[in-house]
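Structure first, commentary second.
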Amino acid sequence: MTEQEIAPVRPRTTNCEICGACVPGDLRALEGWARCASCGVWYRCPCPSPEQLKAYYESEFRASYGLGDTSMHATSRMVARQYIAQADEALGGFDWRGSRILDYGAGEGDLSIVLSELGAYVTAVEPFGYEACGLRGVRTVRTLEELPPDTSFDGLFMTEVLEHLQRPIEVLRRLSGLLNVRGWVFVTTPNSESLKARLTGVRWEERQKFGHLYSFSPSALSIALKAAGFRATRCRGPVRFSNHAPRRVLHFALQLLALGGNLRTLGIKAG
């Protein structure tokens, strides 16, 4: 990293979206990313406009739908089954049959389909993959506003979604309001403390994705969930993301060392 790649960010007038700490005026940015010195979250600076993000997602979903490209819908059925198993273990055993589950940011609906196969009553929220989910038989709405009044859920999944949100705490709090007492959220997001992130810095592939607005460390994710009214527990069991044997061994080793590229955390609604 050269000195030319580091430039001061203009003073911010708002506090950090994640921890609420006042971000100092001399915060420094690295090629379009800045880091809160208090909670350690990285955020895109400047943030793309809502219009730019909408155009990006519409284009990416059209380009990747049905082609096996997981850039816009990263949770395959193989991975979904493992996420559900980790949530089940963290909850001490959960009766999926008849439960009401929200899949927030469902992509093409693979996770929703697996949950339905377990007997859960699933509602997916997906603004850009809405048609794809519908074609696969997934009950889907585009926004939370489309949910019937007084709708509530026993739990919800947010897989590879939080990093895309412009106001993650605000969304988490709103989702918490849809959960029953002792409701829960299972969150996955790229790990900014992974080995690959540490080695590549701002050139990390997850920070190169236009739609990624935040980059969470384990502690920053816990802070975000706590701020939204959840008690967070990190799920550390290894997940198989690939059927390629050498890659699978590497992924498992990195996950066991807490250096894997994916964070998985269960939040239990407090109170």
Tally, over segment 177-195, of residues that are closer than 23 Å to Phe94 by Cα and surrounded by 20 or more Cβ atoms within 10 Å (Cβ to Cβ): 8
Single residue of Arg207, Arg198 found to be part of a loop (DSSP other than H, G, I, E, B), surrounded by fewer than 23 Cβ atoms within 10 Å (Cβ to Cβ) and either at positive phi or not hydroxyl-bearing (Ser, Thr, Tyr) (or both): Arg207
Where Trp204 falls short, out of the listed (1) over 22 Å from Cys45 (Cα atoms); (2) touching a helix residue (DSSP H, G or I) at 6+ places or on another chain (Cβ under 6 Å); (3) of a type outside the set (Gly, Ala, Ser): (1)
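Would you be able to say whether some residue in segment 260-271 is under 19 Å from Gln86 (Cβ atoms), in contact (Cβ under 8 Å) with a residue 60 or more places away in the chain, small (Gly, Ala, Ser) and touching a Pro at 6+ places or on another chain (Cβ under 9 Å)?
Yes, segment 260-271 contains at least one residue that is under 19 Å from Gln86 (Cβ atoms), in contact (Cβ under 8 Å) with a residue 60 or more places away in the chain, small (Gly, Ala, Ser) and touching a Pro at 6+ places or on another chain (Cβ under 9 Å).
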For Asp154: the one exception among (1) of a type in the set (Asp, Glu); (2) modelled with pLDDT of 95 or more; (3) under 15 Å from the mean Cα position of the chain (by Cα): (3)
Condition broken by Leu156, with the remaining ones in (1) under 13 Å from Gly267 (Cβ atoms); (2) in a helix (DSSP H, G or I) satisfied: (2)
Test for Thr140: is it modelled with pLDDT of 95 or more, closer than 19 Å to Thr233 by Cβ and crowded, with 19+ Cβ neighbours inside 10 Å: no
Near pairs, Cβ below 6 angstrom, 6+ apart or cross-chain, from segment 217-233 (closer than 14 Å to Cys16 by Cα) to any residue that is of a type in the set (Phe, Trp, Tyr): none
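The values are calculated or read from the model by the stated rules, or taken from the named source; none is laboratory data. Quantities reported herein were computed from a predicted structural model and do not represent experimental measurements. A quick note on method: Cβ atoms are made from the backbone with ideal geometry, for glycine too, and the neighbour counts reach across all protein chains shown.
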